[in-house]
1. Among the numbered criteria (1) within 16 Å of ligand 1 (Cβ to nearest atom); (2) under 20 Å from Phe93 (Cα atoms); (3) of a type in the set (Asp, Glu), which one does Glu242 miss?
2. Counting only residues that are crowded, with 17+ Cβ neighbours inside 10 Å and either closer than 21 Å to Asn164 by Cα or hydroxyl-bearing (Ser, Thr, Tyr) (or both), how many does region 16-41 have?
3. Here is a check on your reading of the model: is Pro166 within 26 Å of Ser338 (Cα to Cα) and either within 14 Å of the chain's Cα centre (by Cα) or outside the structural domain of Glu242 (by TED's automatic domain parsing) (or both)?
4. Within region 155-173, count every residue that is near ligand 1 (Cβ under 9 Å from one of its atoms) and in a loop (DSSP other than H, G, I, E, B).
5. Criterion first (within 16 Å of ligand 1 (Cβ to nearest atom) and touching a residue at least 60 places away in the same chain (Cβ under 8 Å)) does Lys152 satisfy it?
6. For region 442-489, give me the residue count where each residue is more than 11 Å from ligand 2 (Cβ to nearest atom), in a helix (DSSP H, G or I), in contact (Cβ under 8 Å) with a residue 12 or more places away in the chain and under 22 Å from Arg115 (Cβ atoms).
7. With Val257, Val253 as the choices, which residue is surrounded by fewer than 23 Cβ atoms within 10 Å (Cβ to Cβ), of a type in the set (A, V, I, L, M, F, W, C) and at positive phi?
Amino acid sequence: MVHRFPLPASLKSIRNYVDGEFVTTGKLFDNISPLDGQPLAQVHEADAALVDRAVRAARHAVEEGPWGRSTVEERAKTLHRVADVIERRFDEFLAAEVADTGRPLEQARKLDVYRGIANFRTFADLGRVAHGDFFETTLADGTRLINYTVRKPLGVVASISPWNLPILSLTWKAAPALICGNAIVCKPSEETPSSATLIAEACHEAGVPPGVFNVVHGFGPGSAGEALTRHPGIDAVTFTGESRTGSAIMKAVADGVKEVSFELGGKNGAIVFADADFDAAVDGVLRSSFTNTGQVCLCSERVYVERPIFDRFVAALKAKTEALKIGWPDEPGVAMGSLISHAHRDKVLSYFKLALEEGAQLISGGGVPHFGDERDGGAFVQPTIWVGLPDDARCMNEEVFGPVCHLAPFDSEDEVIRRVNASSYGLASSIWTNHLGRAHRVAPRLHVGIVWVNTWFSRDLRTPFGGSKLSGIGREGGRHSLDFYSETSNICIRV
Ligand code: NAD
Ligand code: 6OD
């Protein structure tokens, strides 16, 4: 079948990349288009033996190969060359990301592929200016010492990434790991294997030495994901995905006491105060609830609106939601694509049903759009708004990871802070207000890793990123990434 959004030519068959070679295996699985439910390509699944080969190649690269002896300047130049290749092949990366995820082309252009390049360039430049501590010491007997710290790579990093922002998530891990001098074995999501394979092509073309960057394809349990995280030869795991998967990975690495960095789920609360710029808040909540069809860990699924503007806000958000265009990624003005898969759509639809059983009043959506063409075979859903759920409803506490938001009124700052914080997740929050003092007062009291005021999803890549509680362990971003992907040694010299 001819796809409206085909994969680039090099991805007709999606191969692993191990020790500088593209590797096929005897076991294939389909990469399915979420736009029409049809296969895009076949993917070569890595078995435990291939994962072992990748980990051994990575170990060899950091301990015996040129990468292990490289300077940060040399690595920075290499990372910039990778970014150059992505820039030159931008349209292939864009096509791969859109074909795998079904998301609007303009969003993939301005966020995903753009961030893939920015991650390589930002961490290349940060590595160049990373510095350590220096202390002069005089002991009681007059002995003089100097102490300085050096950063060393951890060794072999295992990266496990999700399907929702594939190139963004993978490069967010690979670039800092590489600039610190590690080798990495990446296991992208089985749903979105394409852009990771193109990154492997870019690394190959940019002259990254064999074994330094590897990609193994497959699933989680009983497949490449489990084989990689259980492998005794890895030194650390960076994982983005569901909290439950994070817990399984933690168990897998517990015996070896490996370092972990986890970016997990969210059930994020947005707060709209009556003093906010009303139209900006409606547009902001529309974006924070429905971007990427609600499949961003930072999306707001719980929205608290101060009572005096509640009814007006519900009406305005409903009107704007119903005007959102759902469709093909390249349709002019399209705002929402499909969900990632039919399996994920089944999960989202089960929450649509559950919300009504739990007493929600449906304000908008709640179903599946009908197009009358191939898209009816795709994984589309309508953006959905609920009101009327109690705070202890499952739909108010479990991450749906779809285009849903629940709107609830509130009466005071203390009340809304308590309700937003009453979650087992702690990833992100956004506050909409024109009161500067209030923003400063409320933001630090929210038990989350990121608070946005009058914006959402805006990022400076040097800032810390991560969550608390079920939303994760640790922070990545800027020097926080360099801290995770390197080990510090103190050198103490008597002078
Ligand atoms: P997932 O946990 O199902 O899968 C993520 C990755 O883990 C995939 O590559 C999968 O193959 C692998 N995996 C699954 N089980 C494994 C196991 N036992 N051992 C090793 N690997 C295993 O998550 P998903 O459905 O791909 O992504 C959606 C989830 O990711 C949502 O919960 C979302 O909130 C979360 N997410 C969080 C962030 C963040 O920064 N906090 C960012 C993006 C996505
Ligand atoms: O902005 C980022 O760097 C980042 N890691 C975003 C993740 C979004 C989750 O879906």
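1. So Glu242 meets the others, but not (2).
2. 12
3. yes
4. 5
5. No, not satisfied.
6. Adding up the residues that qualify gives 4.
7. Sole residue among the options that is surrounded by fewer than 23 Cβ atoms within 10 Å (Cβ to Cβ), of a type in the set (A, V, I, L, M, F, W, C) and at positive phi: Val257.
Residue by residue, here is whether (1) in a helix (DSSP H, G or I); (2) more than 23 Å from Trp172 (Cβ to Cβ); (3) touching a Leu at 6+ places or on another chain (Cβ under 6 Å) holds:
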residue: Thr25; (1), (2), (3): no, yes, no
residue: Asn31; (1), (2), (3): no, no, yes
residue: Asp36; (1), (2), (3): no, yes, no
residue: His80; (1), (2), (3): yes, no, no
residue: Ile86; (1), (2), (3): yes, no, no
residue: Ala96; (1), (2), (3): yes, no, yes
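The values are calculated or read from the model by the stated rules, or taken from the named source; none is laboratory data. Values in this document were obtained by computation on a predicted structure and should not be read as measured data. We place every Cβ from the backbone using ideal geometry, glycine too, and count neighbours over all the protein chains shown.
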